[in-house]
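A short reminder: the numbers here are calculations on the coordinates, not readings from a lab. Values in this document were obtained by computation on a predicted structure and should not be read as measured data. Using ideal geometry, Cβ is built from the backbone for each residue, glycine included, and neighbour counts are taken over all protein chains shown.
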Amino acid sequence: MCAAHKTSVAAGIVLAAAALAGCAPDPAPAARQAVPSPSAAAPAAAVAWMNGFCGAVKDFVEGNNAMPPASGETVEAIKKSTSAQLGHYAAILAKTVDGLAALPTAPAPAGDAAKREFLAKYTSARDKTVKAKADLDAAGKDDTVAQGRAVDGLMAAQKDTHGVLDPVAAVLEAPELKTAAATAERCRP
């Protein structure tokens, strides 16, 4: 077959395909949106990163929900109860900080920014909690002022964490992370 004939056959196929495509009805807009494009599929690395990010925060929330209750009828008993609460809170914060710090570089800059923000706030909360517990444990058994400072320290630490409880909201500006969060197991409520 000569080169000119091959070119005209190929041109004919392209022309026929274009004509057929032009005659085919457009799919409904909703149908086009319902079928995800290959670029919209969440890459495994993004899903894994979101699982780690959401998982660290989810572990914190679950640990926080398991906080031992305050109890005691004497100053000494209340001090012991508050120390236990601070110890529990410090432990879950330390686990969260470790989990966030262990995350690799995010697949999108918004992920790294969210990681930095969350890590800074959880680290600050951990440090405040550890200090409050150490100060309370070093105080005398009937030191009500130390008890008040410890409660203030716990409240300050909790305030640090309030703004960093929704890891998915922190990455909504990154479409690839938003898509990954939709399929990441640890990002589900």
- [ ] Rank-order 70-79, 105-114 by packing density, defined as the average count of other C-beta atoms within 10 Å over each peptide's residues, highest first.
- [x] 105-114, 70-79
Task: Rg [Å, one decimal], Dmax [Å, integer] - segment 36-133, C-alpha atoms - done: 17.6, 64
Open item on the list: Explain nothing, just the number: relative contact order of segment 69-189, from Cα pairs under 8 Å at least 6 residues apart, as a whole percent.
Closed with: 29
Open item on the list: Need one number for segment 64-189: average projected area of the convex hull over its C-alpha atoms, nm².
Closed with: 8.0
Open item on the list: From zero outward in steps of 10 Å, how is the percent of C-alpha pairs of segment 67-107 spread across the bins?
Closed with: 28, 32, 20, 13, 6, 0
Task: Debye log10 I(q)/I(0) for segment 117-175, one point scatterer per Cα, at q = 0.17, 0.30 Å⁻¹ - done: -0.60, -1.11
